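Contents: one structure, followed by commentary.
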Amino acid sequence: MHKTIILVFFVLLFSSAARSGHLPSNASIEVLMEQVKALQYDNTKMAFSLLSEARERAGVDPGPLLLAKLGNREATLHYISGNYDLALNQFILAREHGERAKAQSEIVYALNGRALIQMVDKEYLEALRLLRECVEINSELQDSLSLAKNFFNMGIAHDEMGQSDQSLGHLKQAQAYLSADSLTVLHLMVKNRMAKVYHKTGKRQQAAALYREVLATKSILTNWEKSFALAGLAELKLEQGEVADALNFGNQALAHAEIHGAQWDLQQITGLLSRIYQQLGKHELAFFHLKAHKAYSDSLYNDARNRQMARMELAVAKADNERLRVEKERDQALIQHHYKWMGFLVLIVVFLGGILYFFHKNLRLKNKFTRFLAKKNKAILEQKEIISRQNRALMEVNGTRTKILSIISHDLRSPINGLKQLLDIRKKKLLTVEEEEEVVSLLSHQIQQTESFLNDLLQWANTQMDGMVAQPGNVNVVEVVNTVLEHLDYQLKSKFLVVKHVWGPTNQHFAWVDTHHLKIILQNLLGNAIKFTPEYGKIRVFYTLTPTNIACHIEDSGTGINEAQQELINGQEDARIPSMVGTSNEKGTGLGLLLVKQFLALNGAKMDVASIPGLGTRFTLHFQRKPEEKQG
């Protein structure tokens, strides 16, 4: 819905009445504004730059009319970019400037923009009220194009409210106003929306015909309308079971939506692609698009929630101000009444008694008013503190969930790459029967290891959803290292690496650490050792013990680490370490060592690295032992 709302809002600029004797600077500003309008869908960054230049040319005090035009145009760009709070502020300012300039066209433009933001937040009744106000003004101006736009937006609102008949009625009214000029982007938008309504009411053939009419009108077709029509066709194909065609249309829609970058479009299309890939059995791609869909949904939800909270606070403030104004007027009227009686009493009875009575009464009213204000201020401060705590808690939970997803996706990269390599080797059919049986055995073993590893990660992630915390226990480091090496068995064999794991005869190498955190730490460090060690190289794991600590050393004969990266790793700051390509062109994200440092800090452990470029690297992990063991 939001893409159509955005496009209809900006399909026409309300043209200013031509004035004679324009200064050259005003003419150049009008040219810049037209350039901003032309670029607003395809290059928003450049459009903002040109608008900034127009404001500079306008000077310090350009007058209310130009301020209204600049404000409406800036609100337009913020709306296209999905910054609805900034857009709302600019529309409010633009309306104020328009009222000062008595420019009805700019006032109705700002009103229409506010209505669209209400529709983004699903406040359809308020949006319809604003749009009806726009229709009244545009009827007086006899502006048929703007009336078409208003009826179109009303059709969208009724559609989103599930009122298909009312929606089609308004859309047909919009078509009637556009009958004199069918080659406008607004005409395509009306067709797209009518197609969507027909789709909802089960008239699929009519919907498909309208979508194809839109795509065939190439002379005025924009990325916005193209992505809308393509997404609509993808939905129809998916319902008809033509999944391959649905995927083709969906990918085209995503490509065009990424050009204009509207988050609502991307949220809708990524959700559609996730369902398509699910039906095709491509679960990895389905999960990828589902994550993107969730990210866009969370972003839109947070933005809508912030706007709703801001409106609630504004409504409370307005109500308080109105009540205070009424009370102030009442108090002022009461004071005036007392003044009159005081004068009468001064002339009739006793001047001094009237004066004392007045001051006593005035002081009592003042104290009452002061206590009332103090009480309201305290309530407002308490409410703000509650909202602030809730926002902080929400940000912490969202941050934790994002980090968990990063950990799972990062740690699954190596086993999945190993599976991919095994399948590629088998697919090329270059193996003998004996070699193919060995590859199948390796593949089965790798899948079992990956499944076990994924189950561990998901079980751990489920315990961390409310916050990233460590749950330390007495863990045998040697056993965990052996488990991780078994997970990485294929990667080691594919590069012909020799691993030497050395521990004492009693195998009493215990550390006080969270088991899941330790697995993630060792998975990353041993994975890096494999990644940066050339074929036929060596990796050595050994331990040193003290009464209070255990140190685990991971040493390789790889390419080594330069001094700059060593300083980043050994430093105290949580900075992402730049990712390097491995000796077999293995790719990375730069998240691994950052996660290692953070998990070590959570467990009261530390790490240091020593390396000589070209000769190898040694990572040393220092863990505490169980508290009672240290005392003994």
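The values are calculated or read from the model by the stated rules, or taken from the named source; none is laboratory data. A quick note: this is a predicted structure, and the numbers were derived from the prediction, not measured. With ideal geometry, Cβ positions are generated from the backbone for all residues, glycine too; neighbour counts draw on all protein chains shown. Just so you know, the surface numbers come from the protein's heavy atoms only, side chains and all, with ligands and any DNA or RNA stripped out. Shrake-Rupley method; radii C 1.70, N 1.55, O 1.52, S 1.80 Å.
Looking for whichever is over 27 Å from SER144 (Cβ atoms) and either part of a helix (DSSP H, G or I) or at pLDDT 90 or above (or both) here; the options are ARG95, ARG73, ARG55. Which one fits? Walk me through it before giving the result.
Details: ARG95 fails: over 27 Å from SER144 (Cβ atoms); ARG73 fails: over 27 Å from SER144 (Cβ atoms).
Just one listed residue meets the conditions, ARG55.
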- The residue that is nearest to GLY504 (Cα to Cα), considering only those in region 551-566 that are open to solvent by less than 60 Å² (accessible area, probe 1.4 Å) and either small (Gly, Ala, Ser) or more than 43 Å from the chain's Cα centre (by Cα) (or both), is ALA551
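Any residue that is at negative phi and at pLDDT 90 or above - is there at least one of those in region 174-191? Write out each step before concluding.
Narrowing region 174-191 to residues at negative phi: 174-191.
Subset that is at pLDDT 90 or above: none.
Within region 174-191, none of the residues are at negative phi and at pLDDT 90 or above.
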- Restricting attention to region 249-286, which residues are over 26 Å from SER81 (Cα atoms) and modelled with pLDDT of 85 or more? ARG275, ILE276, TYR277, GLN278, GLN279, LEU280, GLY281, LYS282, HIS283, GLU284, LEU285
- For region 571-585, what are the residues that are open to solvent by less than 70 Å² (accessible area, probe 1.4 Å) and either under 30 Å from the mean Cα position of the chain (by Cα) or more than 26 Å from LEU497 (Cβ to Cβ) (or both)? GLY571, ALA575, ILE577, SER579
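Being on the phi < 0 side of the Ramachandran plot, in contact with a Leu (Cβ under 9 Å, 6 or more places away or on another chain) and crowded, with 21+ Cβ neighbours inside 10 Å is true for just one of LEU70, LEU88, LEU39. Which residue is that? Explain how you work it out, then say what you get.
Values: LEU88 fails: in contact with a Leu (Cβ under 9 Å, 6 or more places away or on another chain); LEU39 fails: crowded, with 21+ Cβ neighbours inside 10 Å.
Going through LEU70, LEU88, LEU39 in turn, just one is on the phi < 0 side of the Ramachandran plot, in contact with a Leu (Cβ under 9 Å, 6 or more places away or on another chain) and crowded, with 21+ Cβ neighbours inside 10 Å: LEU70.
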- Could you list, in sequence order, the residues of region 189-226 that are open to solvent by 40 Å² or more (accessible area, probe 1.4 Å), among the small types (Gly, Ala, Ser) and either in a helix (DSSP H, G or I) or touching a Cys at 6+ places or on another chain (Cβ under 7 Å) (or both)? ALA209, ALA216
- Item | Condition met for ARG275 (out of contact with any Gly (no Cβ under 8 Å at 6 or more places or on another chain), among the basic types (Lys, Arg), in contact (Cβ under 8 Å) with a residue 24 or more places away in the chain and assigned to a helix (DSSP H, G or I)) | yes
- Within region 227-259, can you find the residues that are of a type in the set (D, E, K, R) and surrounded by 21 or more Cβ atoms within 10 Å (Cβ to Cβ)? GLU235
- Pairs only if they're at least six apart or on different chains, beta carbon under 6 angstrom, first in region 360-375 and free of Cβ contacts under 8 Å to residues at least 60 places away in the same chain, second assigned to a helix (DSSP H, G or I) and loosely packed, with under 12 Cβ neighbours inside 10 Å; list them, first residue then second. none
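Among LEU186, LEU145, LEU178, which is in contact with a His (Cβ under 7 Å, 6 or more places away or on another chain) and farther than 22 Å from PRO64 by Cα?
From the options LEU186, LEU145, LEU178, the qualifying one is LEU178.
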- Filter region 102-154 for residues that are within 33 Å of the chain's Cα centre (by Cα), within 19 Å of ARG193 (Cβ to Cβ) and among the hydroxyl-bearing types (Ser, Thr, Tyr); which is modelled with the highest pLDDT? TYR124
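Any idea which residue in region 601-615 is most open to solvent (accessible area, probe 1.4 Å), counting only those that are under 19 Å from GLU567 (Cβ atoms) and in contact with a helix residue (DSSP H, G or I) (Cβ under 9 Å, 6 or more places away or on another chain)? Before you say what the answer is, go through the steps one by one.
Residues of region 601-615 under 19 Å from GLU567 (Cβ atoms): 601, 606-615.
Add one more test, that the residue is in contact with a helix residue (DSSP H, G or I) (Cβ under 9 Å, 6 or more places away or on another chain), and what stays is 606-611, 613.
Numbers: LYS606: 130, MET607: 28, ASP608: 62, VAL609: 13, ALA610: 58, SER611: 21, PRO613: 88 Å².
Top of the filtered list is LYS606.
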- Message: For GLY82, only one of the following conditions fails: (1) under 22 Å from TYR41 (Cβ atoms); (2) assigned to a helix (DSSP H, G or I). What is its number?
- Response: (2)
